[in-house]
1. Please verify whether Ala68 is out of contact with any Gly (no Cβ under 9 Å at 6 or more places or on another chain), under 15 Å from Ser105 (Cα atoms) and in a helix (DSSP H, G or I), treating the condition exactly as stated.
2. Here are some conditions: (1) loosely packed, with under 15 Cβ neighbours inside 10 Å; (2) in a helix (DSSP H, G or I). Ala94 meets all but one. Which one does it not meet?
3. Specify the residue that is most open to solvent (accessible area, probe 1.4 Å); the eligible residues are those in the range 1-57 that are over 21 Å from Arg79 (Cβ atoms) and aliphatic (A, V, I, L, M).
4. Taking the condition of being of a type in the set (Ser, Thr, Tyr) and under 9 Å from the mean Cα position of the chain (by Cα), how many residues in the range 37-59 meet it?
5. Name the residue that is most open to solvent (accessible area, probe 1.4 Å), counting only residues in the range 97-119 that are part of a helix (DSSP H, G or I) and aliphatic (A, V, I, L, M).
6. Is it the case that some residue within the range 87-99 is modelled with pLDDT under 95 and in contact with a helix residue (DSSP H, G or I) (Cβ under 6 Å, 6 or more places away or on another chain)?
7. Determine whether Val67 is at pLDDT below 95 and not polar (S, T, N, Q).
8. I'd like the full set of residues that are modelled with pLDDT under 85 and outside any helix (DSSP H, G or I), limited to the range 18-35.
Amino acid sequence: MRLPVFSIDLHKAARRSESETSEWIAEKLDESVERYRKFFALARSGERIAPTRDIDMIWHLHMQAPVAYYNDCMAYLGRILDHDGGFGQTPEEAVVLADVFAGTSRRWEEVFGEPYVAGAGGETNCWHDCADRCWHACSSISAPEAPDPRISA
């Protein structure tokens, strides 16, 4: 799968950002930008897709350069990759978001041959300690006495 080359330097945007991305070490930033490129490539299918926390942060940086974001979306996807940042906050949406996230995880592993969420291979049994997604995508990992995934923490 051909990964996009963006018209904006996302590393520079992260270093200039007032968000926590400006504090990331170079390796984490490199990894997150590369994961965002893969995420963007998966979006080409037109299927619904849900980001991890690090991918979402890079996505936000990309959108903060609206001309570049528009041009990159149109050049690579032929459409704008819409972002619904509050989706999943209600119990009804949380169920849908969990399904979309699970589908994204499956496709990611099929296409890229690696886990979408760190720890998904069994080395963790987290619930609220999952740093990859603020809505606790780790609910698919069995956790003893895990709270109802429709209730936000």
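The values are calculated or read from the model by the stated rules, or taken from the named source; none is laboratory data. Not measured: the values here are computed from a predicted model. Positions of Cβ are generated from backbone atoms using ideal geometry, with glycine treated the same way; all protein chains shown enter the neighbour counts. Note: accessible area is taken over every heavy atom of the protein model, side chains too, but ligands, DNA and RNA are not part of it. Shrake-Rupley method; radii C 1.70, N 1.55, O 1.52, S 1.80 Å.
1. Working: out of contact with any Gly (no Cβ under 9 Å at 6 or more places or on another chain): yes; under 15 Å from Ser105 (Cα atoms): no; in a helix (DSSP H, G or I): yes.
The answer is no for Ala68.
2. Result: Ala94 passes all but (1).
3. Step one: filter the range 1-57 for residues over 21 Å from Arg79 (Cβ atoms), giving 9, 11-35, 52-54, 57.
Retained after the next criterion (residues that are aliphatic (A, V, I, L, M)): 13-14, 25-26, 29, 33, 57.
Values: Ala13: 23, Ala14: 1, Ile25: 108, Ala26: 61, Leu29: 10, Val33: 13, Met57: 33 Å².
Once the filter is applied, the top-ranked residue is Ile25.
4. Going residue by residue through the range 37-59, those that are of a type in the set (Ser, Thr, Tyr) are 45, 52.
The next check asks that each one be under 9 Å from the mean Cα position of the chain (by Cα); those that pass are 52.
So the count comes out to 1.
5. Applying the first criterion (part of a helix (DSSP H, G or I)) to the range 97-119 yields 97-112.
Going one step further and asking which of them are aliphatic (A, V, I, L, M), we end up with 97-98, 100, 102, 111.
Numbers: Leu97: 13, Ala98: 36, Val100: 24, Ala102: 39, Val111: 67 Å².
Looking at residues that are part of a helix (DSSP H, G or I) and aliphatic (A, V, I, L, M), I get Val111.
6. Step one: list which residues in the range 87-99 are modelled with pLDDT under 95, which gives 87-99.
Imposing the further condition that a residue be in contact with a helix residue (DSSP H, G or I) (Cβ under 6 Å, 6 or more places away or on another chain) reduces the set to 87-88.
Within the range 87-99 (the criterion being modelled with pLDDT under 95 and in contact with a helix residue (DSSP H, G or I) (Cβ under 6 Å, 6 or more places away or on another chain)), the answer is yes, since at least one residue qualifies.
7. Working: at pLDDT below 95: no; not polar (S, T, N, Q): yes.
No: the conditions fail for Val67.
8. The initial filter retains those residues of the range 18-35 that are modelled with pLDDT under 85, namely 18-24.
Within the range 18-35, Glu18, Ser19, Trp24 qualify.
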